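For reference, the structure discussed in these notes is given below.
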Amino acid sequence: MDLKSYVREIPDFPKKGVSYKDITPLLLDHKAMQLAVKLFLENLPKGNIDKVVGIESRGFLFATLLAEKLNAGFIPVRKPGKLPYQVHREVYELEYGKDSLEIHEDAILKGEKILLHDDVLATGGTAAATCKLIEKCGGEIVQCNFLVELEFLKGLNKLKNYNVSSLIKYP
């Protein structure tokens, strides 16, 4: 089973010139989802993981499944104003402007081993900001993993200091 065959490409979405990678068909097929989880687990380095951080919102989908399989906690990283308790915030650059992400201040204990997960690695800005949040909380990032990596956008450049794994790559 080739996971890439479950990714639908939508031309000119969300704007002209962008070829959107839609993972919805993969989510519709339980065997494809099970294979993705199995491959994510096989690609992890040896050792314990205490918590899995998922980035809003599609990163939550596999992050919760991975947390359950790893007997680990799940931590949501969200856009501003979505978390109800005290937060750390990280501002990062977009192509045209800035955005920010937040994590609960008490989500990670100092020294906990963290797996970061998101659906797509594109430019790397969101993942790099999330890495800073995890480290601000005292967590140690074991790996950053992604379902899809858009290699041509060079997101790995912003994650040079981290172990990164992607299941599906678009050169």
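Coordinate-derived values only; no laboratory data. Please read these numbers as outputs of a predicted model, since none were measured by experiment.
For region 1-158, what does the relative contact order come out to in percent, with C-alpha contacts under 8 Å and a separation of six or more?
18 percent
Straight-line reach from K69: which lysines fall under 17 Å, measuring Cα to Cα and dropping same-chain residues less than 8 apart?
Answer for K69, where 17 Å is the Cα cut-off: K31, K38, K46, K51, K113, listed by chain and number.
Using a/c under 1.5 as the rounded threshold, could you call region 95-171 rounded, prolate or oblate? The axes a ≥ b ≥ c are square roots of the C-alpha gyration tensor eigenvalues, and prolate needs a/b larger than b/c, oblate otherwise.
Oblate, since a/c reaches 1.5 and b/c is not below a/b.
On a C-alpha basis, how far is the centre of region 1-69 from the centre of region 89-145 in Å? Whole number, if you could?
Between the Cα centre of region 1-69 and that of region 89-145, the gap is 17 Å.
Under 17 Å Cα-Cα from K154, which lysines qualify once same-chain neighbours fewer than 8 residues away are excluded?
Cα-Cα hits under 17 Å: K21, K169.
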